[in-house]
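For reference, the structure is listed below as structure tokens.
None of the figures in this text is laboratory data; all of them are computed from the coordinates on show. What you see is a predicted model; the values in this text were computed from it and never measured. In this analysis, Cβ positions are derived from the backbone assuming ideal geometry, glycine residues included, and neighbour counts consider all displayed protein chains.
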Amino acid sequence: MRDVLRKRSGRGALAFFMGPSAALVVLFYFVPVILTFLIAFTSMGRTLLWDFIGLGNFARLFGIGARDPLVPRILVNTVVFTLGALPVTVIGGLLISVFSMRVRPGAGLFFRSVFFIPRALPPVVWGFLWAWSFEGTRYGLFNAIRSAVGLPIVQWLIRYPMIIVVLANGFLGISLAMLVFSAAIATIPRDLTRAAEVDGASEGQITRHIILPLLRWPILTMTAWHLMSFLNSYVYVMLITGGGPYYMTEVWSLYAYHMAFVQYRYGYGAAFVVLLVVVNVSLLLLVLRAFGMRRMLTRGKIEV
Amino acid sequence: MRVSVDRLTKQFRDVRAVADLSLEIRDGEFMALLGPSGCGKTTTLLTIAGFYKPTSGTILFDGRVVDNVPPRDRNIGMVFQSYALYPHMTAHDNIAFPLKLRRVPRQERETRIKTVAAMLGIEDVLPRRPGEMSGGQQQRVALARALVKKPGLLLLDEPLSNLDAKLRIVMRAELKRLQKDLGITTIFVTHDQTEAMTMADRIAVQHQGALQQVGSPEDLYRRPANLFVAGFMGTPPMNFLDVSLEATGDALVLRRESFRFSLPDPLKQSLGHLVDRKLILGLRPEDIEIKPEEASQAEVYVVEPLGREALVTVKVPGAMLKVLAPPHIQLQAGTHVGWHVMPDRIYLFDAGTEEALLVPGS
Amino acid sequence: MRSRNWRRSLWYLLLALVAAPFLVMYVGFFLRAFGEGMTLGIIPRQWGITSFRFMWQPIAWGLGRTTMWAAFGNTVVFATVSGLVVTAVCMLAGYALSRVEFRGKDFFLVLQLILHAVPGQILLIAIFFLLLYLGLLHRLSGVALARASLEIPLGIWMAKGFFDGIPWDVERSAMVDGCNRFQVWYRIFLPLVRPGIAAVFIWGFLFAWHDFIYVYTLLPGTIKLMSTLIQNLLATEVVDYGYLAALSLVYTIPPLALFVFLQRALLKVPVFGGKGTA
């Protein structure tokens, strides 16, 4: 089979079709990963000089010798943020798709549209909406409404910064999870739920015994997907709180970004990314093992 | 074009689709590859077309090995089960496509399209796209596209299976006529034995990747090489009964529970060596005669009138027999009847190897 | 029956409760953009388009000024370049991955899923140095190329999906008719997956249009796009929220129109009849 390719449709054809994508993948994924690892072992700073300092960055990160007092805090922040946004997305998405299937079709569509909008908005606009809505002066949306009805102004972003970034990210996740779950629910044959209804199952029992078991794979996929997504997410946090106040919402990847592009400590920032990459790869291997990727691949039917 | 398939084997991972197949197709011959789905007939056809490479064995066109010739250089025309018309092109452009790729000059191209369209009666549909044609029209356009380049070999992959029953019978006759007129070597894949019987000069029966028998339709029907071919050719299919051959006194008797059948003298000689062997008795439905006036253990189970005749299912101890009976015989389900077989119409197969041991007229 | 009606109202109530804050946000956003002189916080005293004055007035930018149109134009160029790169690369690879057998194909496909699962934005530090050494840093086209590569993994799977939808018999037919692989791709497959081409392009275009972090980090302040313009105005001391809401609307609506177009295009997939598609 392989010899056939070489002889006939040939290496040339394959290079023509696969060359550009392979080149871009190597250039913008493989090379950056290698570069990240290399930079992590330097004290690369504003001068962009390659001074290799061995494990210096990692020692500092792990608190051996000169320690970084902020590391425990951002570690806790990352865990809280990830484990906070994940259930919002998965459980929230599930509830919204199940409920919106129960109400009248038009109403269901309306609610799904409301929750889908975040996905259609650019990140800066989503960030702007949250920053403005929870602005701590009377110019902020919710404070304007509060003061209109005589309630005092609340400094949302100072008092509840983590809750706000968790919700902003969680509801962004909901838009995707809800879409996936609703599509999965729509593929469940009507006869299946009808049969259960004839058998005397209540709506709740149908959901628990028929719909949820059939949604097992979408739920697992969305959980794995968003776990990775939130773990690496920093753009929305950056746009809404900038990590503040006083590092209260500074997550791991945002800290790496700030180290590199605000403090110009590229080497130190890269060390954070290296750890993130390692965690990502381990998680992915676990997920891939659980899902059995082979099932998604099919064989060709022409051998020339 | 003469096509030789020489000891072809095709293996897909752990599945052997075609096993050691050898087949000669003569110039101008209409050959049918017949078998149930999954028997490897389409794989054989696609290998002849060049889409699959033989795992072992070779394919020769006019004595020339073509294993390394890509499909586009094999000078073949092909009609697919789904027709595979290009949905974004009109019928005209579909037919013109192979000629354009061959850089046939425009004028000659148009003449050839016109000729082939006239031959198939599709002049009206030329400006239309596949989505705006009926199934029959699509089929003709696909045929025109295959024939317009004047191929040396025409390959047809179940081309009639997507047509309705009536149109299928019309196209059957037309295809056969067209093939004879053009004298083009044709290989036709089908799972429908009626199609193969009515159209082909010769039929190659395939089963589980292996070639069972090659021969004229008459040959396969009258002289099947084994149990599979015997059961596959003919509707309704042949009846099979497990029997044993016993010698009682100086008579040879086929025996199965209460059923006994004494072999006539001429057969005694040739089958003498099979005494005490497990055999399978084959009886064609049209070779069994029902005698309503006699009574035996045979009971009429169901009667299906077919118009010209009636298909009667008869329950005999341990088996059901399909019998074609003339319609004037009045039969009621549940009545006991007698049944007879002409001794010279029986088939016998080895129960182990399934090879034919006796066929009528041998 | 009564209990069922009662329960249905409960679903409505729950959905409405969760949706309400978002509805208030969206409605407030529009009121802010089109209203003038707010009373009771969000109810405008009168309607007007003064918030949209950036369409004809320059915008203060650092010590100088800029116009909305410059940012808009840059965004169009950035998104178009990115979309075209994604489309070309994915349409090529998608065909081979759908139709050609070669060593490493499965690995490449799984790799794309893995790459898609790991958000490329975490590699930004390395991308910064890569572009720097390639001489592409601070260039719109270079950053667009880097941005495009983020969407290539999923784009490849999308394109492969569209090619997978074409029956094998159509390809076999084209090969019998005399096509080589390139001709099959160019003359038969590309016309057949035109909706797919549109979908992949819009995919690449949209994400580049929405991009903030690449543009913000890898382009100098002198090259502004809509996203960096809005972010910059948001970060100033005195924020005019009406002005920003209006600007956000002008930024958001074009891709939404594309979303609608995308759905239309996706509905026009050619239909293949009959069996034998395996």
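Below, the figures for the structure above:
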{"item": "Global form of region C:68-267, assessed from the alpha-carbon gyration tensor, a/c cut-off 1.5", "result": "prolate"}
{"item": "Selection from A:V25, A:L129, A:A15 lying farthest towards where the dipole of the protein assembly as shown points positive, charges on Cβ", "result": "A:L129"}
{"item": "Length-normalised contact order of region A:52-298 in % [C-alpha pairs under 8 Å, at least 6 apart]", "result": "25"}
{"item": "Given charges at Cβ of Lys, Arg, Asp, Glu: chain B dipole, positive-most of B:G307, B:L156, B:V359", "result": "B:L156"}
{"item": "Relative exposure of B:H328, A:H258, judged by other C-beta atoms within 10 Å (fewest first)", "result": "B:H328, A:H258"}
{"item": "Percent of Cα-Cα distances greater than 57 Å, calculated over the protein assembly as shown", "result": "33"}
{"item": "Unit charges on C-beta of K, R, D, E only; dipole of region A:52-298, Debye", "result": "140"}
{"item": "Selection from B:V104, B:I187, B:L245 lying farthest towards where the dipole of chain B points positive, charges on Cβ", "result": "B:V104"}
{"item": "Cleavage-rule hits, chymotrypsin sites (Phe, Trp or Tyr not before Pro), region A:21-65, DSSP coil, Cβ neighbours within 10 Å at most 16", "result": "A:W50, A:F62"}
{"item": "Rounded to 10°, Cα long-axis angle of helix C:68-99 versus longest principal axis of chain C", "result": "20"}
{"item": "Helix runs (DSSP H) in chain A reaching 20 Å along axis by Cα, Kyte-Doolittle at least 0.0", "result": "A:71-102, A:105-120, A:161-186, A:216-232, A:266-291"}
{"item": "Total charge dipole magnitude, the protein assembly as shown, about the Cα centre, Cβ charges on Lys, Arg, Asp, Glu only, Debye to nearest 20", "result": "2880"}
{"item": "Cα centroid separation - region C:79-128 against region B:154-196, whole Å", "result": "45"}
{"item": "Crossing angle, helix C:194-210 versus chain C [Cα axis fit, 0-90 degrees, rounded to tens]", "result": "40"}
{"item": "Cα-based reach from B:K315 at 12 Å (exclusive), listing aspartates and glutamates while leaving out same-chain residues under 8 positions away", "result": "B:E299"}
{"item": "Net dipole in debye of chain B [+1 Lys, Arg Cβ; -1 Asp, Glu Cβ; about Cα centre; nearest 20]", "result": "1820"}
{"item": "Helix-only [θ]222 nm of the protein assembly as shown, DSSP H runs n ≥ 4, -39500 (n - 2.57) each, per residue, nearest 500", "result": "-16000 deg cm²/dmol"}
{"item": "Computed over region B:1-125: relative contact order in percent, which uses C-alpha pairs under 8 Å that are six or more apart", "result": "21"}
{"item": "Counting DSSP beta bridges with both ends in the protein assembly as shown, the antiparallel % (nearest 5)", "result": "80"}
{"item": "Entries of B:K100/B:K150; B:K10/C:K105; B:K100/B:K149; B:K41/B:K322; B:K41/B:K166; B:K10/B:K41 with Cα pairs more than 19 Å apart", "result": "B:K10/C:K105; B:K41/B:K322; B:K41/B:K166"}
{"item": "Proxy reagent accessibility, fewest Cβ within 10 Å first, across B:T353, B:T55", "result": "B:T353, B:T55"}
{"item": "Residue order, fewest to most surrounding Cβ atoms within 10 angstrom, among B:R168, C:R65", "result": "C:R65, B:R168"}
{"item": "Mean Kyte hydropathy of -0.5 or more with a Cα span along the axis of at least 15 Å, helices from DSSP in chain B", "result": "B:91-101, B:135-147, B:165-182"}
{"item": "Size of region A:52-298 as Cα extents on the principal axes (Å, biggest first)", "result": "70, 59, 26"}
{"item": "Relative contact order of chain C, defined on C-alpha pairs under 8 angstrom at six or more residues apart (%)", "result": "26"}
